[in-house]
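The values are calculated or read from the model by the stated rules, or taken from the named source; none is laboratory data. Not measured: the values here are computed from a predicted model. Cβ placement follows ideal geometry from the backbone for every residue including glycine, while neighbour counts extend to all protein chains displayed. Just so you know, the surface numbers come from the protein's heavy atoms only, side chains and all, with ligands and any DNA or RNA stripped out. Shrake-Rupley method; radii C 1.70, N 1.55, O 1.52, S 1.80 Å.
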Amino acid sequence: MALSTLGWRKSTYSEEASSCVYVASAGDNAVLLRESDDPDVILVTTRRTLRAFISRVKAGALDDVS
């Protein structure tokens, strides 16, 4: 599957003039993430892992991580 045909979506939390985070589904439960500043670097995770990460961030569990 070509990366350009994945249907990347910009995060609703990304502002117009700032660095944007994009997400795409790659089937088989794979989720791809990339940033507009370096679109060739792509993180691959699962829906479950991404959901758990976002929940922890929202709960403040990672606030002290540097």
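Looking only at the range 39-54, filter to residues that are open to solvent by less than 70 Å² (accessible area, probe 1.4 Å) and part of a helix (DSSP H, G or I); which one of those is farthest from TYR13 (Cα to Cα)? Talk me through it step by step, then tell me what you get.
Let us first name the residues in the range 39-54 that are open to solvent by less than 70 Å² (accessible area, probe 1.4 Å), namely 39, 42, 45-46, 50, 52.
Restricting the remaining residues to those that are part of a helix (DSSP H, G or I) gives 50, 52.
Values: LEU50: 16, ALA52: 18 Å.
Among residues in the range 39-54 that are open to solvent by less than 70 Å² (accessible area, probe 1.4 Å) and part of a helix (DSSP H, G or I), the one farthest from TYR13 (Cα to Cα) is ALA52.
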Look at the range 9-35 and say how many of its residues are open to solvent by 50 Å² or more (accessible area, probe 1.4 Å), assigned to a loop (DSSP other than H, G, I, E, B) and in contact with a strand residue (DSSP E or B) (Cβ under 7 Å, 6 or more places away or on another chain).
2
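Identify the residue in the range 33-66 that is touching a Phe, Trp or Tyr at 6+ places or on another chain (Cβ under 9 Å) and aliphatic (A, V, I, L, M) and, among all such residues, is modelled with the lowest pLDDT.
At the first step, the residues of the range 33-66 found to be touching a Phe, Trp or Tyr at 6+ places or on another chain (Cβ under 9 Å) are 33-36, 39, 45, 62.
Imposing the further condition that a residue be aliphatic (A, V, I, L, M) reduces the set to 33, 62.
Working: LEU33: 93, LEU62: 86.
Here the residue is LEU62.
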Single residue of ASP28, ASP63 found to be farther than 23 Å from LEU6 by Cα and either of a type in the set (S, T, N, Q) or over 11 Å from the mean Cα position of the chain (by Cα) (or both)
ASP63
